[in-house]
Structure formats: structure tokens, C-alpha cells
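Peer 1: The structure's right below; bear with me while I get my questions together.
Any read-out appearing in this document is the output of simple, stated calculations on the displayed coordinates, not a laboratory observation. Every value quoted in this text rests on a predicted model; they were computed, and no experiment measured them. All Cβ positions, glycine included, derive from the backbone under ideal geometry; neighbour counts span all protein chains shown.
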């Protein structure tokens, strides 16, 4: 079995070095041939020098590529043309990777029927944790933390994995096209979307995917990700993305070109939030309103019906 790990990065040189060191130290079986392709999406912060340093230190393990067209989906699609391995794995530049991550992630592919794998992602609070992010959390409070945890048992995967910890057979990208370039990070865009969209397509097509909890990465929750404004922005962008991927129901009634049900959702969630005395419940409702506002923004000028 041979594997290419694609890692796209943009202006995160302070985080990238940790991830590259963890990849270099992976505990893999001797019969696994693997490489890491670092794709620099037009960074200007020293990323190139750092990545090329790893290529010099580990010439049989690391490769470096520069993709000037801004946008992670463009970088991912360019990377797919640069690798020839039968298995293509993905991770991010801001995670902590378990030493046995790659070994565990690719093990299910020993079964020829397995077409893809999603690994476990656990949030990691290294620098404190606000009270409103402690204890039992609602979907709205968990979402921006980058958590993908379906429990301790391997199982068939019916939910889209995240791009920080997933892998597919190469033929998947031949059967189901590439990453959508209208989705995903571009500059300071905080919502991804390109990874979930392609995984949703693969799952909808009936391709067999599995969840492997032992393929573990932790996603540090940096202080800036613990700001309420980050959560509001994340859900607003998530709402925009959902309209881009799912479209608007063909029979949706509109007011001034905006689906009436979205206006109702935004107003209803905002009112529920303002009337709630519980901090977590209030914030969750207001984040629902932010998502609905993002959907409203994306629906302006968009005809009802199938997504673009």
C-alpha cells in the first residue's frame, strides 16, 4: 500500500512546524510507503523556507509545492494532480497528530471494499477554557470547535468526516470529481465546507466509508477561537455555505427575493435568544440566528431550486 498525505497551508508558519515534526515521527509499518506533500497556498510568512527545510531533512518523505491561486480548494485540486498513490490522506496545519495516526487511518484500506476513512478529532484546550464552553454543549457551541467524535467503536460512516482527518482511495476523485472551488477557506474565511461537501457526495453515492476512532488528531482551541465573535462569524459563514451546497427549495415563498422561511427562522431564533436567561441556551439561539442570517445573505439573487 502506498499513501500520500496532502497538507495545505496558508500563513501559519508558527503552527506548521509542529505538525511537520509530528508527521516526520509517525510510527508506521515497514511495508507502508508514504509521503507528505506540503502545499503552500501563496503564503508570505516563511512557510516556504520551513517546508523546504523538511524536504532537505527528509527527502524521501516530504515534498513541497506552491499554488498561487488563493483558496484551499484550488490548492487541494492542484495537489491531487501531483500525487500518484493509491490512498490519499488529508490533514491540516493546526492540529496535533497522534504518533500512530497514519498507521490507524490507512489500516481499513486492507479491505478492498473500503473506499474512505474518517478519523477522530478531539478539541484540545491548552490555554484555558471559558465557562460557556464547559460541560454539556449544544450543536451550536460544538460546531466551531472542530470536533468529530462518534465514540470509541469503529463503524460504517454515514456522516461526512472533516478534512483534518480523512482519507480516500484515489479512484474516488476519478468517480466523484474534485473539491468545489467556490467553497472552502479563502484568506480569512473561517468556514471550510469543501471537505464536507465532497464527503457528502461520496456518501450519497453509496461508497463504503468507515469511522476509525484510533486514527486520532487533536484540534487545539486557540484563544481567538474562544471569542463569541468567532462563533457568530463561523455560523454566519456556515449558513452561507449551506445555501451554496443545498440550494433553496424550489417552492419557497419569498419576500423581496429572500425565502420567507429563512426570515422567520432568523427572527424566531433571535427572539428566543433574547428571552432566554440561561447563558448557553441564549448564545445557542443567537448563533442559530447568525446561521439563518448567513443563509439569507447567500439567498439574495439566487433562484430557488438546485444548488449551483
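Peer 1: Please determine, in degrees from 0 to 90 and to the nearest 10, the orientation of helix 260-275 with respect to the longest principal axis defined by the Cα atoms of the chain, where the helix direction is its Cα long axis.
Peer 2: Its long axis makes an angle of about 90 degrees.
Peer 1: I would also like to ask the following. Taking only Cα atoms, what is the 0 to 90° angle, nearest 10, from helix 228-246's long axis to the longest principal axis of the chain?
Peer 2: 90 degrees
Peer 1: I've got another one for you. Report, in degrees rounded to the nearest 10, the 0 to 90 angle that the Cα long axis of helix 194-204 makes with the longest principal axis of the chain.
Peer 2: Helix 194-204 sits roughly 90 degrees off the main axis of the chain.
Peer 1: Next question, about the same structure. Take the alpha carbon gyration tensor of region 228-299, find the square roots of its eigenvalues, order them as a ≥ b ≥ c, and report rounded if a/c is under 1.5; if not, report prolate when a/b exceeds b/c, else oblate.
Peer 2: oblate
Peer 1: For every helix of n ≥ 4 consecutive DSSP H residues, a contribution of -39,500 (n - 2.57) applies; sum these over the chain, divide by its total residues, and give [θ] at 222 nm rounded to the nearest 500 deg cm²/dmol.
Peer 2: Per the formula, -11500 deg cm²/dmol.
Peer 1: On to the next question. Which peptide among 91-103, 55-67 comes first, and what is the full order, when sorted by highest mean count of other Cβ atoms within 10 Å?
Peer 2: 91-103, 55-67
Peer 1: Something else: Could you state the per residue volume, in Å³, of the convex hull enclosing the Cα atoms of region 72-196?
Peer 2: Dividing the Cα hull volume of region 72-196 by its residues yields 144 Å³.
Peer 1: Just want the ordering: 54, 230, from fewest to most Cβ atoms lying within 10 Å of their own Cβ.
Peer 2: The fewest-first ordering by Cβ neighbours comes to 230, 54.
Peer 1: What percentage of all Cα-Cα pairs in region 1-151 are separated by more than 27 Å?
Peer 2: Details: 3254 of 11325 pairs.
Summing the P(r) of region 1-151 above 27 Å gives 29 percent of all pairs.
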